[in-house]
1. Can you tell me which residues in segment 163-194 are surrounded by 15 or more Cβ atoms within 10 Å (Cβ to Cβ) and farther than 26 Å from residue 220 by Cβ?
2. Which ones in segment 138-162 are exposed (fewer than 13 other Cβ atoms within 10 Å of the Cβ), touching a residue at least 12 places away in the same chain (Cβ under 8 Å) and either outside any loop (DSSP other than H, G, I, E, B) or touching a strand residue (DSSP E or B) at 6+ places or on another chain (Cβ under 9 Å) (or both)?
3. Considering only residues that are in a helix (DSSP H, G or I), out of contact with any helix residue (DSSP H, G or I) (no Cβ under 7 Å at 6 or more places or on another chain) and over 18 Å from residue 228 (Cβ atoms), which ones fall in segment 246-255?
4. Whether any residue in segment 111-122 is out of contact with any strand residue (DSSP E or B) (no Cβ under 6 Å at 6 or more places or on another chain) and loosely packed, with under 15 Cβ neighbours inside 10 Å is what I want to check.
5. In segment 81-94, what count of residues is obtained for those that are closer than 20 Å to residue 5 by Cβ and surrounded by fewer than 22 Cβ atoms within 10 Å (Cβ to Cβ)?
6. Residue 247: on the phi < 0 side of the Ramachandran plot, under 19 Å from the mean Cα position of the chain (by Cα), touching a residue at least 24 places away in the same chain (Cβ under 8 Å) and crowded, with 21+ Cβ neighbours inside 10 Å, yes or no?
């Protein structure tokens, strides 16, 4: 087994997991019981799970929300906590972790990793607070488009490179990163793993993973530790075992 992780990415909405299936020229999302759905991937060999909290924005400033929207977000929190307790693999969560209170809320459920998105790039003090609270749990998204950062406030230079900004974030104590190229899904060329390697630390790539060859290519890039795989895996376009085999071949090809 390689040191490269193929990580199933499960979407939660209103306390239910979304399982996608192909319908004609498109896809349909069916709501399914989330714990059993997640357990299938663990039993198939997944060594980590990523959970997208699609109701995430509503775990922040909860007093501003009410009714079914807030209830759905709270059901997601309950499900994620149950996953952390019952599934024998690390759980990584993203979606709605935009302030220190939401970071604490997620990690104190027993969830091993909490990924902070655009807020991490805009507020270095937030990242510092999260690292001080639980450095092993703090994960920072690096959002880019065609290899350039979408936005950031770490370096007062609009042309700062991914490597420059990532170095500053690492200096703040961050150990784990997710690199996401926001144009990758539309391009259909797979994740930009070579750009992700500029982060210079434990970095998982996401965005644009559509084929087994995309996984193999990502695994072949030194410095990249894993890939998030969502819809193709959920739709049964390939199995987790097949994805792991391609990842192993890619990892073996590293120079």
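1. Within segment 163-194, 168, 172 meet the criteria.
2. Matches in segment 138-162: 146, 151.
3. 252
4. Among the residues of segment 111-122, at least one is out of contact with any strand residue (DSSP E or B) (no Cβ under 6 Å at 6 or more places or on another chain) and loosely packed, with under 15 Cβ neighbours inside 10 Å, which makes the answer yes.
5. 5
6. In short, yes.
Coordinate-derived values only; no laboratory data. As the structure is a computational prediction, the values presented were derived from the model and not from experiment. We place every Cβ from the backbone using ideal geometry, glycine too, and count neighbours over all the protein chains shown.
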